[in-house]
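Peer 1: Let me give you the structure first, and then I'll get to my questions.
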Amino acid sequence: MTKIRQDAIELLEQIPEDKIIFIVQIMQGMKGLYESDDMKQREEAFQRLEKIKKKVPDLDYETELETYREEKYGNEGVG
C-alpha cells in the first residue's frame, strides 16, 4: 500500500461515523469521473460497430422454415 493511501485511511479513521457519508459521496463522484472514460470507449466501440453493420433483407419465416424442413427431411410421407 502506498504512503498516500495509508495517509488517506488514517484520516478516514479520524472522521466521526456520522460525517463519513460526505466522504463516501465525494469518492463516488470521483469514481464517476473515471467511469466516464470507460463509457467513452464503449460509445466509440458502438459507433465502430454501427459503421460496419450490414442491412439484412426481411425474411419470410414461413418460407425459410419450409425450405429448411425440405432440406433436412425431404418430402417423404407428405401429401
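Peer 1: Restricting the stretch 27-47 to residues that are of a type in the set (A, V, I, L, M, F, W, C) and modelled with pLDDT of 75 or more, which is surrounded by the most Cβ atoms within 10 Å (Cβ to Cβ)?
Peer 2: Met27
Peer 1: From the list Glu71, Glu13, pick out the single residue that is open to solvent by 100 Å² or more (accessible area, probe 1.4 Å), modelled with pLDDT of 90 or more and more than 25 Å from the chain's Cα centre (by Cα).
Peer 2: Matching residue, one of Glu71, Glu13: Glu13.
The values are calculated or read from the model by the stated rules, or taken from the named source; none is laboratory data. Here the structure is a predicted model, which means the values were calculated and not measured. Here Cβ is always computed from backbone atoms with ideal geometry, including for glycine, and neighbour counts include all displayed protein chains. Remember, those area values only see protein heavy atoms, side chains included, never the ligands or the DNA or RNA. Shrake-Rupley method; radii C 1.70, N 1.55, O 1.52, S 1.80 Å.
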